[in-house]
Amino acid sequence: MTVPSLPVELILEISQRSADVGVTPLTLAQAFPRWASTFLDSPTYWTSLLLDPADTNSPEKATFWLAKSGGHLVDITIAPGGTQVMTVSEPETIPITGIARALHQACGRWRTLQMTTTVEDATSFFHSCGPTIVSNLQEISIKFVPSATPLFTSSSYAMPIKFHPATNSPIAVHLALRTHWVQFTTPFSMAVTSLTLDLLPEHLLPELLDLLGPCLNLQKLVLRGGLNPNDVLARPISPLSSPRVVALSHLSKIVLENIFYLSCLGAVDFLETVREISLRKFKWDISNSTTLAGILPQCPLLQTVVLRGEDDNKSPVLPAAQGSVTLARVTSFDAEGTPKSEGIIERFLLPELNDLRLAGVSARVASQLLESAPRVQNADFLFNVSPQPGTPLSHTNLASLAIRAPTFRDIGQWTFPALQHLSLTSSHTHSPPKVGSGLHAFLRTSHPALRTLCLKRVDVSCPAFALCLGYMTRLAEISLIECRLTKEIFAQMSKPSRLLVLRRIQIALRDTKGITPIDIAKFLRSRRKGGRPKLSGTVHFVGVNTVARKDINTLKSLGLTVKNGDSLA
């Protein structure tokens with residue numbers, strides 16, 4: 001079949017994929033005339049429109065594109081270098097003004113509008129649009145890029161955008177502003193349900209509240225600090241002005257990223273409705289800790305909390321304040337801190353918690369939070385230092401546990417009788433720690449009915465690990481990722497009395513000195529005897545280039561997927 005005779009459906013699929021990488025139908029049409037007619041007769045292809053505000057032909061392209069899209073909704077992107085130049089006559093107006101007037105003719109069909117322009121071009125665009133009925137608009141994104149001579153130097157100036165949406169039409173807004181703001185019409189603000197703001201130090205809290213105030217139906221708010229996050233929303237309000245609080249009675253999710261100081265949370269009233277609070281890259285200091293301890297317990301519907309903070313080098317170790325911080329309905333709690341922040345993290349009481357993640361804190365804090373969360377089912381801990389003896393981890397109901405640490409010396413002291421899924425990952429890449437003795441002691445004392453076991457970068461070559469196999473009678477899946485292995489371990493796993501219900505295995509080998517593809521194949525064949533389940537899974541030879549093709553084919557014939565390469569992703 002020659003290319004020009006391809007079916008129309010396949011041609012359209014090719015054209016869609018070409019558009020994703022910046023190839024326009026005009027380029028394809030130059031090569032194959034039949035394709036050109038196909039594109040001209042297919043309105044759905046013309047629903048994505050890219051316009052360059054510096055291209056003098058963009059207004060004509062917009063008119064042409066909108067006509068070809070028929071009555072379909074369109075996705076519009078205005079950005080530098082976004083179009084292929086078309087041979088048309090010179091426009092009578094500057095490009096951005098002509099673009100606005102051309103697009104305005106089909107404003108009822110805008111589905112998304114993404115703009116990356118200078119302040120000056122944006123001002124001209126929205127002024128030329130004037131009052132605009134955007135009855136089908138679902139998303140608008142505005143990013144202002146620097147220009148040689150900024151038009152505005154005052155952050156209090158708000159660029160008017162006179163858009164009017166349909167009734168009950170939810171709109172998502174993303175604004176990456178500079179030293180100025182935008183101002184929507186009241187009906188548009190009322191329609192905004194998701195708002196993301198990329199902020200700079202020039203943006204002040206009073207102007208932010210001016211933007212948020214009319215957004216009475218806002219459900220999701222994301223504030224992201226850009227350059228110099230230390231100064232974003234950190235300037236104090238004048239003592240001569242009275243404290244101002246904006247009520248957002250429908251806000252269910254609030255996200256702050258790279259905003260060091262959290263005092264701005266006190267200017268927004270979301271306590272009665274918020275269900276998720278995510279704070280990332282803030283500073284663990286006394287002020288922020290006080291803010292968290294004061295706000296979080298007052299949120300009766302709060303279910304998800306993410307607190308991933310960083311050290312404040314200027315702040316001392318946070319004192320262990322008196323009194324607990326009870327989060328009565330939180331089911332997911334994710335905290336990332338440092339030894340300095342343990343004084344606040346260990347105060348949380350989580351009676352309804354289901355999922356717990358901790359990073360950067362000690363095993364002592366993890367033990368305390370487990371004790372405060374009787375219903376927790378899943379825990380994920382990242383310890384920068386090995387857990388010290390004398391701080392054993394325990395829980396009667398925990399079903400899934402993942403721990404990343406340098407070593408696991410205290411694993412024999414753990415008590416998790418309900419555990420079904422266990423993952424241990426060592427951060428020591430060159431000297432994997434032995435886990436056999438500790439794991440054997442844990443299995444012997446806790447008697448968990450493990451169903452999955454994942455070990456990464458640990459040493460399982462010792463005889464003690466072979467003893468562990470006798471305790472894992474319900475194990476259905478095992479993963480040995482970059483572990484130190486021996487032939488004897490596979491021989492023990494091959495015994496008829498071991499791992500009777502094992503169905504899946506994952507293996508990743510950095511070298512084939514301790515274990516070879518032939519040893520793996522021998523193990524797989526032995527598992528087919530005695531009525532045990534057939535194994536499936538993956539073997540990944542990481543950085544190993546000497547595996548024979550016949551060995552790879554043998555492993556594939558025995559049910560494994562074979563991978564080569566340096567990446568374990």
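The values are calculated or read from the model by the stated rules, or taken from the named source; none is laboratory data. Computed from a predicted structure; not experimentally measured. Note that each Cβ is placed from the backbone with ideal geometry, even for glycine, and that neighbours are counted across all protein chains shown. Surface accessibility is based on the protein's heavy atoms, side chains included, excluding ligands, DNA and RNA. Shrake-Rupley method; radii C 1.70, N 1.55, O 1.52, S 1.80 Å.
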### Message
Less than 12 Å apart at the alpha-carbon level, and either on another chain or at least 8 residues along: which aspartates and glutamates does that give for Lys68?
### Response
Asp41
### Query
Of the accessible area of the stretch 430-568, with the probe set at 1.4 angstrom, what percent is carbon plus sulfur?
49
### Task
Starting from the amide H of Ser48, placed 1.01 Å from N in the peptide plane, find each other amide H under 5 Å away whose residue is 5 or more places distant or on another chain.
Asp75
#### Entry: the stretch 413-459-the stretch 179-194 distance, computed between alpha-carbon centres (Å)
53
### Task
Any lysines with Cα under 20 Å of the Lys220 Cα? List them, leaving off those in the same chain fewer than 8 positions away.
Lys143, Lys253, Lys281
### Summary
Interchain or sequence-distant (5+) residues whose placed amide H lies within less than 5 Å of the amide H of Arg503 are Glu477
### Query
What is the distance, in nm, between label points placed 7 Å from the Cα along the Cα-to-Cβ direction at Asn168 and at His428?
6.3
### Query
Tell me, what ³J(HN,Hα) does each residue in the stretch 461-468 have, in order and in whole Hz, if you take phi through Karplus 6.51 cos²θ - 1.76 cosθ + 1.60 with θ = phi - 60° and put x for Gly and Pro?
7, 7, x, 4, 5, 4, 5, 4
### Query
In sequence order, what are the phi-derived ³J(HN,Hα) couplings for the stretch 272-287 according to the Karplus relation 6.51 cos²θ - 1.76 cosθ + 1.60 with θ = phi - 60°, rounded to whole Hz, with x for glycine and proline?
7, 10, 5, 10, 9, 10, 10, 10, 10, 6, 9, 9, 7, 9, 5, 4
### Query
Of the cross-linked pairs Lys456/Lys534; Lys522/Lys563; Lys434/Lys513, which ones have a Cα-Cα span greater than 22 Å in the structure shown?
Lys456/Lys534
### Query
Which ³J(HN,Hα) values in Hz, rounded to whole numbers, follow from the phi angles of the stretch 349-358 under the Karplus curve 6.51 cos²θ - 1.76 cosθ + 1.60, where θ = phi - 60° and Gly and Pro get x?
10, 10, x, 10, 5, 10, 10, 10, 10, 10
### Summary
Using alpha carbon centers only, the stretch 323-365 is separated from the stretch 475-512 by a whole-angstrom value of 35
### Long-range HN-HN contacts of Thr326 with modeled amide H, under 5 Å
Leu349
